[in-house]
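Each remark here refers to the structure printed beneath this line.
Only the coordinates and a few stated rules stand behind these numbers; no lab work does. Keep in mind that this is a model prediction, so the values were computed, not measured. In this analysis, Cβ positions are derived from the backbone assuming ideal geometry, glycine residues included, and neighbour counts consider all displayed protein chains.
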Amino acid sequence: MVMMIEIFFAFIATVGFGIIINIPHRALVVAGLIGTVAWLVYWLFFNLQLGLALSNLTASVAIGLLSDVAARRMKMPMLIFNIPSLVPLVPGGQAYQMVRNIALGDAAQGMRFLTEVIEITGSIAIGFLLAELLNKLWKKIMQKKASF
Amino acid sequence: MIENGSEMARAEDTIMRIATNSGYPDAQVFSTVTGIIMSIPDQKNAQVESVSRRSIDLEKVSWVNRLSRDYADHKITLADFFEQLKLVDQAVPYFPFWLQVLGAALVSGPLMTIFCNNFYDIGVTSIIGAVGFAIYYGINKTLNIKFISEFVASLLIGILAVIAVRLGLGHSVDNIIIGAVMPLVPGVPLTNAVRDILNGHFVSGPARGMEALLTAAAIGFGIAFVFRFF
């Protein structure tokens, strides 16, 4: 039950961020769905005890692949889909704890959260890179097939 | 397009597509976050266009993208294209202000729950998030100073969160602040920075990353201020 509510919330949050950055109206629901799937992937991997980095990486690969498909289907720039759907993955909690601990003078604890933030953002970036790679590979294969 | 949050590669690609279709297949374009230089080999002069204002409006990006593709397919003429571009610049359907504030509320409440598994504070977080975003928006519109708006907004979010908890409306200051700050997060420059660097735009990518970092730092300072005084 809690799970269902959280999935629903991931959808709402993605759509909300889409409204803030003013993406085209037709793209809102699709972006929301991509965000939901990404969060689902993240949740699944995280609960399989695969660690923060790997689950964020897989989720962002999922975002990259899905938003490429959506961009081609709807003939819109890809970043319309991948920016809002990234929002549930952003390390907001850790970044906050980092600022809080450093501001209160507990630098060691702050550094611990800082490394966590860097770990998460880094794995999201690498996830996008991998997704880009897979998309290019896919296009190459399709071209080869077409030329046969 | 750069003004409104597109990646460099897309902006250059669009300019090249327009130039090729207008009969100059060997035009050269060099663009950074703060300006575009374009030249056509048979003409002596290069055109320089500076970009000094940056905001985020992905609908405009998508619209220009579509127009340039239409033009490349010879569906519209150059004059039409120019007319339409002007139209896009002035009258893109923007989500109204109240809907954006609602969006901010929708971002902050649910995200707080996802991050912290806290179901009690959804209402408070949504309201504070919406207020924070409204302040951010207002300062950006009237004063037009980049990082101050994020700073003031996050400062007020922190103060409001503390007050809400003192009054017994909320349970956890930490969770409320985490959720309410989310609408201010610089998602677009961050993503663009990564994409620009991947595409080999080493001037624009780090510049955008810097922008994102400064924004995040402004938010962080706002929150840190609150901790010092409460």
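The table below gives the values:
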{"quantity": "Cα gyration tensor shape of the stretch A:8-74, rounded if a/c is under 1.5, else prolate or oblate by comparing a/b with b/c", "calculated": "prolate"}
{"quantity": "Rounded tilt (10° steps) of A:52-74 against the dominant C-alpha axis of chain A", "calculated": "30 degrees"}
{"quantity": "Percent of alpha-carbon pairs separated by more than 17 Å within the stretch B:97-229", "calculated": "59 percent"}
{"quantity": "Shielding by partners - mean other protein chain Cβ count within 10 Å, residues of B:99-107", "calculated": "6"}
{"quantity": "The stretch A:72-96 and the stretch B:184-216: distance between their alpha carbon centers, rounded to Å", "calculated": "14 Å"}
{"quantity": "Paramagnetic reach from residue A:126 in the stretch A:56-85 [backbone N under 17 Å; point 7 Å along Cα→Cβ]", "calculated": "A:56-64"}
{"quantity": "Whole-number Å³ per residue for the convex hull built on Cα positions in the stretch B:117-166", "calculated": "70 Å³"}
{"quantity": "Nearest-ten-degree value, helix A:28-47 long axis tilted from longest Cα axis of chain A", "calculated": "60 degrees"}
